Structure formats: C-alpha cells, structure tokens
Amino acid sequence: MATDTEIYNWFVELGMKVEKVTSGNAYFHITVSPPIENSVKVSILRSHPNATYYIITVIVDLDHEKIKRNPSILKNIKLELIRMNLEFFFMPPDAEIPKSVQIGKIVFAEGLTKNEILNTVTLVKNGAYMILTLLEG
C-alpha cells in the first residue's frame with residue numbers, strides 16, 4: 001500500500017513543486033505542479049488516517065461573463081470531462097452560471113504505483129487545462 005510519505009517523495013523525485021497544505025480538514029493534503037510559473041496545482045488528499053484511497057482534484061474558476069455570452073461552453077466542458085473519464089461538479093451546484101468546477105479522480109492506495117498516480121495527476125491537470133482552453137475560446 002502506498003504511503004503519504006512515498007507519494008510526497010515520488011513527486012519531489014520528479015522535481016515538481018510539492019507543497020503541504022495545512023488548512024482544511026484533510027488528514028493528508030499536498031499540491032503538486034510542474035516547476036514553472038503559473039501552472040495548475042493539483043491536490044492529492046486523504047481524508048483521514050484510515051482512508052484507503054486518495055482524491056486527486058483541482059478547482060477551476062469559471063469566467064462568468066464568457067459563459068453568459070456563450071452558455072454552450074458549460075455543455076462542452078461537461079462533455080469533454082465525461083470523455084476524459086473525470087468526475088466533476090459545479091459550484092454552487094444550483095447556480096445557472098456556476099463560479100467554479102471541481103474535477104477529480106479517486107485512486108486506491110493498495111497497489112498504487114508511481115506511474116498510476118503520475119498518470120492520474122496528469123489527467124486531472126489536463127482536465128483543468130482543457131477547461132481553461134475552452135474558456136479562452
């Protein structure tokens with residue numbers, strides 16, 4: 001079973017920016033991002049010490065004005081995230097035009113490999129970049 005320390009060290013080994021997050025209720029929470037400026041930070045969380053899975057997630061703020069001018073952007077975001085096999089929800093959930101979208105993927109710690117978590121982080125990060133690209137037009 002992969003440990004919190006191993007996961008932290010795997011991303012440090014890659015030369016990525018790895019930051020421990022101390023706010024919030026998660027037992028383990030780090031963000032990882034490429035070592036370049038203005039890159040997407042992906043969170044890796046474990047909710048409590050007995051959790052057998054990690055949540056890989058990112059929140060992307062949405063441009064209210066762009067979506068208001070072109071409401072089909074939301075539909076395109078949904079379709080692309082589904083195609084990418086990513087879980088997502090809009091916040092606030094009942095808003096006509098949401099303020100943000102949280103995307104993510106869950107991986108079990110049992111048998112978790114370096115490649116599997118790296119691929120999952122990359123998938124979630126690419127989901128965020130896809131949303132940002134759609135918002136650019």
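The values are calculated or read from the model by the stated rules, or taken from the named source; none is laboratory data. The structure displayed is predicted, hence computed values, not measured ones. Quick reminder, even Gly has a Cβ in these numbers, built from the backbone with ideal geometry, and neighbours come from all protein chains shown.
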Next item on the list: Give me a count of the residues in the range 46-63 that are over 21 Å from residue 125 (Cα atoms) and surrounded by 11 or more Cβ atoms within 10 Å (Cβ to Cβ).
Entry: 1
Note to self: Quick check on the range 118-137. Is at least one of its residues free of Cβ contacts under 8 Å to residues at least 12 places away in the same chain and within 22 Å of residue 18 (Cα to Cα)?
What the structure shows: yes
Check: Which residue out of 41, 66, 78, 114 is closer than 21 Å to residue 133 by Cβ, surrounded by 13 or more Cβ atoms within 10 Å (Cβ to Cβ) and touching a residue at least 40 places away in the same chain (Cβ under 8 Å)?
Finding: 66
Notebook entry, point to check: Out of the range 75-107, which residues are at pLDDT below 95 and touching a helix residue (DSSP H, G or I) at 6+ places or on another chain (Cβ under 8 Å)?
Noted result: 97
Next item on the list: For the range 2-13, enumerate the residues that are of a type in the set (A, V, I, L, M) and modelled with pLDDT of 95 or more.
Entry: 7, 12
Margin query: Test of understanding: among 77, 67, 73, 106, which residue is in contact with a Leu (Cβ under 8 Å, 6 or more places away or on another chain) and under 21 Å from residue 41 (Cα atoms)?
Written below: 77
